[in-house]
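Enquirer: Pasting in a structure now, in structure tokens, and then I'll have a few things to ask.
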Amino acid sequence: MSPERFAGKVVVVTGAGHGIGRASADRFSDEGAEEVVVVDVNADWANETAQLIGDRGCRAHPVVADVADEQAVESVRRELTARHGRVDILHNNAGRLRSSSITDLSAEEWDLTFAVNVRSMFLVCRALIPLMRPAGGAIVNTASSSGLVGEAATPAYNASKAAIINLTRQLAADYSRERIRVNCVCPGWVPTGFNDPVLSHMSDAEVADMVTAMVPIGRQATPAEIAAAVAFLASDDASYIAGHALVVDGGLTAVR
Ligand SMILES: NC(=O)c1ccc[n+]([C@@H]2O[C@H](COP(=O)([O-])OP(=O)(O)OC[C@H]3O[C@@H](n4cnc5c(N)ncnc54)[C@H](O)[C@@H]3O)[C@@H](O)[C@H]2O)c1
């Protein structure tokens, strides 16, 4: 039986239709959230996550929105204002990854990566922090171990994830005194399909061998293992943690 750390909380998770976001939405609902708002650009996936949570007898509400789009985020804000009038926990998680050397990278792809990974966090925080202010709350951003070290062939992704880590610190500087704690998680390898654009030349067995060699724990994380760290940072168990980048990478960046 999970502790009810999120009883009575309104939780918003972006990119909650699949992978880490779905696991996080699942975890918040499992720990008693009043409602998890499942935001995703993919309507089928958003509905699937909400259905899975609903089937367990918990409350989830799907919202289809591209979180890189200002008008779409504004309509999420309006919907949440009308529906609850408040937000207690926000997990900014939607992301985009494409592989390219910088000399082959188009300006459009650079901008799109920063739009989905960083601009989205600006837009969503700008829209929802006013709904968190009266009661306080917690924001957890999904950064990446890729934001901590340089990696081959992902210049836009690497730079965008580093930006998320420092945006997290900046927001902690501004909002901790208003009882809104802001932190981020830095996952390593998680087999959600998200990394397919950089792994398309490798078989599953080759990926497994590579990860075993690179990662001291010797395997990829499950989405649930990342969600556990997100839930910790969002909970009162982390009541004195702000502006922190929690690395959940099986030791990957500890040994590089
Ligand atoms: N999988 C990994 O190995 C890994 C490692 C480190 C960090 N991350 C980060 O974790 C986050 C989630 O990745 P994942 O592995 O769960 O990927 P995923 O592809 O399984 O899920 C991403 C979800 O985000 C949604 N999404 C994408 N763009 C969106 C947009 N503009 N607006 C709203 N929703 C959008 C997708 O539809 C999808 O449901 C990303 O920020 C990613 O950078 C993943």
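The values are calculated or read from the model by the stated rules, or taken from the named source; none is laboratory data. Keep in mind the model is a prediction, meaning the values are calculated, not measured. Virtual Cβ from ideal backbone geometry, glycine too; neighbours counted across all protein chains shown. With ligands, DNA and RNA removed, areas are computed over all heavy atoms of the protein, side chains included. Shrake-Rupley method; radii C 1.70, N 1.55, O 1.52, S 1.80 Å.
Enquirer: Of the conditions (1) surrounded by 23 or more Cβ atoms within 10 Å (Cβ to Cβ); (2) farther than 24 Å from Val37 by Cα; (3) of a type in the set (S, T, N, Q), Asn117 clears all except one; give me its number.
Expert: Failing condition for Asn117: (2).
Enquirer: Suppose we keep only residues that are hydrophobic (A, V, I, L, M, F, W, C) and more than 16 Å from the ligand (Cβ to nearest atom) within the range 67-87. Which one would you say is nearest to Met121 (Cα to Cα)?
Expert: Val87
Enquirer: Turning to a different aspect of this structure: Among Val247, Val215, Val230, which is in contact with a Cys (Cβ under 6 Å, 6 or more places away or on another chain) and within 12 Å of the ligand (Cβ to nearest atom)? Even if it seems obvious, please write down each step before you answer.
Expert: Working: Val215 fails: in contact with a Cys (Cβ under 6 Å, 6 or more places away or on another chain); Val230 fails: in contact with a Cys (Cβ under 6 Å, 6 or more places away or on another chain).
Val247 is the lone residue from the list that is in contact with a Cys (Cβ under 6 Å, 6 or more places away or on another chain) and within 12 Å of the ligand (Cβ to nearest atom).
Enquirer: Filter the range 1-55 down to residues that are open to solvent by 20 Å² or more (accessible area, probe 1.4 Å), farther than 15 Å from Ala231 by Cβ and in a strand (DSSP E or B), then give me how many there are.
Expert: Here the count works out to 0.
Enquirer: Filter the range 164-185 down to the residues that are assigned to a helix (DSSP H, G or I) and within 12 Å of the ligand (Cβ to nearest atom) and list them by number.
Expert: Pass one, the range 164-185, residues assigned to a helix (DSSP H, G or I): 164-178.
The answer is Ile164, Ile165.
Enquirer: Of all residues in the range 186-206 being within 11 Å of the ligand (Cβ to nearest atom) and either of a type in the set (Ser, Thr, Tyr) or part of a helix (DSSP H, G or I) (or both), which is surrounded by the most Cβ atoms within 10 Å (Cβ to Cβ)?
Expert: Per the stated criteria, the residue is Thr192.
Enquirer: Could you check the range 127-149 and list, in sequence order, the residues that are under 18 Å from Ala245 (Cα atoms) and within 15 Å of the ligand (Cβ to nearest atom)?
Expert: So the first thing to find is which residues in the range 127-149 are under 18 Å from Ala245 (Cα atoms), and the list is 137-149.
Result: Ile139, Val140, Asn141, Thr142, Ala143, Ser144, Ser145, Ser146, Gly147, Leu148, Val149.
Enquirer: Next question, about the same structure. For the range 97-113, how many residues meet the condition of being open to solvent by less than 50 Å² (accessible area, probe 1.4 Å) and within 13 Å of the ligand (Cβ to nearest atom)?
Expert: Matching residues across the range 97-113 total 2.
Enquirer: Now for a different question. Val124 fails exactly one of the following numbered conditions: (1) open to solvent by 40 Å² or more (accessible area, probe 1.4 Å); (2) within 13 Å of the ligand (Cβ to nearest atom); (3) assigned to a helix (DSSP H, G or I). What is the number of that condition?
Expert: The failed condition is (1).
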